[in-house]
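Below is one structure, written out as structure tokens; comments come after it.
All of the numbers you see were taken from the coordinates with simple rules; none came from a lab. Since the model is a prediction, treat every value here as computed from it, not as a measurement. No Cβ is skipped: glycine too gets one built from the backbone with ideal geometry, and neighbour counts run over all protein chains shown.
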Amino acid sequence: MPQFSDAQGNLEIRPIIGWRKGDYEFIINPIVDMGFGQNGDSIFAPCARFARNLGENLAVGLEYYTDLGPLRNFSTFNEQQHNLYAVVDFKIGRFDVNAGVGYGLTPGSDRLMYKMIIGTDLTEGVSNKSSDGSKTLYRPESHLSGGFPRPSALGPIQTYGPGSPR
């Protein structure tokens, strides 16, 4: 399409629903993109991910992205975007990398696509102080998100109470 968006403002609602069992994960994002202004519309663009962790900092999987069109009247199947990616996730220093090659399954999709998402956790080492004076430090999970945010991205690693060694 020649333009990214006809709307003057946009909002994305991206719920995350995920399951993990052993080294496997399945994540669904039922995404709604809402455009505001004269040419605004609400688009339904769900995506899903199935992956296997091969190690603490390595995962492979499949990601499926769609753009079904306006919520009030979905596009015809041939105009919809349905894209399947083979992806690999790995870590370089503090950066998580999700890279993949994709193929469009419908005429409304691009045929061959490449993607790369590079992310880092900006809250690493952040400290939260509770009302009893204890502090809980948080850090990101050691496993990669693969471009999809995890259902629980942060978890407590150590709690210190008043008078405890720091």
State the extension gain, in nm to one decimal, for the chain segment bounded by residue 24 and residue 10, taking 0.36 nm per residue of separation less the distance between their alpha-carbons.
1.7 nm
Count the net charge of all other residues whose Cβ sits under 13 Å from the Cβ of residue 97, scoring Lys and Arg as +1 and Asp and Glu as -1.
+1
Given the Cα-Cα distance of residue 74 and residue 50 and 0.36 nm per residue of separation, how much length would full extension add, in nm?
6.1 nm
